[in-house]
Amino acid sequence: MPNIDLDRTDRQILALLQQDGRISNQDLAERVSLSPSPCLRRVRRLEEQGIIRRYVALVDPERLGLGLLAYVFVRLDKTHRASHQSIPDFAHDVQGWPEVVQCYAMSGDMDYVLRVQVQDLARFSQFVMDTLMRHPAVVDMRSSFALQTVKETTELPV
């Protein structure tokens, strides 16, 4: 995907919207020293170009009772002919697992890393035993549990 040229004002807009996606266009325009109409045009252009993908509310998982965060490293079976269909199925199937809040295909000795957010260890164990390890493509998994959040941000350096 080609890089899109962003000027200083575009970068300021992005930085401010990452800090507060609900900032009014009037306030945003004042903060970047533009009038409201050109500011709104810039925001719309950033949206149309796909630089701004969407706006969301960040929800505190602990307040929802989802206090256990695990990173699960998954290795798939790539040796058996029957498993070749199961590998693309894994990427599709993980979309329907609500416990998995992020999934990345990886290089190295494991094929995927899943970020799993659940209530507690019992619910994690249930997910692993009843869902993850029953998938026909999965041959191995390792998990690590987050003990403390040291840094968490959705803001990209612009």
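Each reported figure results from applying straightforward, stated rules to the coordinates on display, with no laboratory input. The model shown is predicted, which means the values in this text are computed figures rather than measured ones. Counting neighbours? That spans all protein chains shown, and the Cβs are built from the backbone with ideal geometry, glycine included.
When the trypsin sites (Lys or Arg not before Pro) in segment 1-78 are filtered for DSSP coil states and for at most 14 other beta-carbon atoms within 10 Å of their beta-carbon, the remaining sites are ARG22, ARG53, ARG54, LYS78. Per-residue ellipticity at 222 nm from helix content only, as computed over the chain with -39500 (n - 2.57) for each DSSP H run of at least four residues, stands at -9500 deg cm²/dmol.
Fully extending the segment from MET133 to HIS92, taken as 0.36 nm per residue of separation minus the present Cα-Cα distance, adds 13.2 nm. Dimensions of segment 62-145 along the principal axes, based on C-alpha atoms and rounded to the nearest Å, stand at 44, 24, 18, largest first. Just report the Cα centroid separation between segment 1-77 and segment 92-148, whole Å. Using only Cα atoms, the two centres lie 27 Å from each other. Under a GNM of the chain (C-alpha, springs under 10 Å), which listed residue has the highest mean-square fluctuation: TYR112, TYR71, TYR55? With Cα springs under 10 Å in the chain, the top fluctuation among TYR112, TYR71, TYR55 is at TYR55.
Share of pairwise Cα-Cα distances greater than 24 Å in the chain is 53 percent (whole percent). In this label model, ALA122 and ALA15 are separated by 4.8 nm, measuring between points 7 Å along each Cα→Cβ vector. Label separation (ARG41 vs ALA57): 3.4 nm, computed from points 7 Å beyond Cα along the C-beta direction.
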